[in-house]
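Read-outs throughout are calculated quantities, based only on the coordinates presented, and are distinct from any laboratory measurement. Small disclaimer: the values here were computed from a predicted structure and weren't measured. For neighbour counting, all protein chains shown are included, and Cβ atoms are generated from backbone atoms with ideal geometry for every residue, glycine included.
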Amino acid sequence: MFMDLPTPDCNGNLGSDAQITDSGILIVHGSYNRTIRNLSRAIWGDEICQYCLKPIKKHRLTIEHIYGREFGGVDITNCLTIVCPKCNADKDDLTIEQYVKLLDMIKNGEPKKNCLKFRATCRQENLNTVLSEKRFLLPDNWVDYNFPVKEIQINGVFNPKEAVKTKNYKKVKRVYNQRGMFKNPLIVDRRGFLIDGTASYTFARKNGLLEVPVILLDNVEIQRKK
């Protein structure tokens, strides 16, 4: 899939971390997470909440996952927008459709307990959908659910003995044992180099998984500075 990018004239906002070529390829030299935040601000602006449409002070803006992380949301611009802290907290892991319905309930004076019950019901329904279909709550054309683990490349030295000691690995292991699947897909660049999901990759390697769910970004390339 192609990640949403602003025009190359926004390169000044990316600092030394990344640049967008004239052909529309994002080359990341430094922090991917910082690059994603800067790209999101370049795409959406940093003055208006994209949900309530109220002004935001720059030091108060937050990056919101349009598709909640609990059910597959990832750090790519297609999945992110700029919102105020209140909207970010209110929406949480609801889908956009569920959030709109919740806002209507609040606007129409629905009792708080009913709104809380609606939120809890939506969350359970979302989880049930993910578990029953073994698919994330993401657009179908984003994810390759059968990406070969052997085709994933690692930048730098990969030490599996150290990787299994991390907190992220333990979280991935716990969720996989509970759900029988990862909470989020891995992300790789157009050459197959891993961008996000090291703990999931480690788990797959350690447990002999041949295939994992992957979002392959056809217009992103990781080039770590040596």
Practice task
Quote the FRET efficiency, to the nearest 0.05, computed for K86 versus N33 with a Förster distance R0 of 25 Å and r equal to the Cβ-Cβ distance.
Solution key: 0.60
Completion exercise
GNM of the chain, Cα pairs under 10 angstrom: of D93, D104, D75, the biggest fluctuation goes to D104
Exercise for the section: Out of all DSSP beta bridges with both ends in the chain, state the antiparallel percent to the nearest 5. Expected result: 65 percent
Practice task
Please identify, among A199, A163, A18, the residue showing maximal mean-square fluctuation in a Gaussian network model of the chain using a 10 angstrom Cα cutoff.
Solution key: A163
Completion exercise
Computed from the beta carbon distance with a Förster radius of 35 Å, FRET efficiency for D104 and N155 to the nearest 0.05 stands at 0.15
Handout entry: Binned Cα-Cα distances of region 143-219, short to long, each 10 Å bin given as a whole percent
Key = 19, 57, 23, 1
Fill in the blank from the handout: Any trypsin sites (Lys or Arg not before Pro) in region 1-87 that lie in a DSSP loop and have at most 13 other Cβ atoms within 10 Å would be K57
Fill in the blank from the handout: Here, H59 and E133, labelled 7 Å along Cα→Cβ, have an inter-label distance in nm of 4.3 nm
Fill in the blank from the handout: If each part is reduced to its alpha-carbon centroid, region 74-131 and region 1-66 end up apart, in Å, by 24 Å
Exercise for the section: In a Gaussian network model over the chain where Cα atoms closer than 10 Å are linked, find which of V130, V143, V175 has the largest mean-square fluctuation. Expected result: V175
Exercise for the section: Scan the chain and note any complete DSSP helix (H) whose C-alpha atoms cover at least 27 Å along its axis and whose Kyte-Doolittle average is 0.0 or more. Expected result: none
Problem - Extension reserve of the N146-Q178 stretch, reckoned as 0.36 nm per residue once the Cα distance is removed - result: 9.5 nm
Fill in the blank from the handout: Debye calc, one equal point scatterer per Cα of the chain, no solvent, log10 I(q)/I(0) at q = 0.07, 0.11, 0.12, 0.13 1/Å comes to -0.25, -0.63, -0.74, -0.86
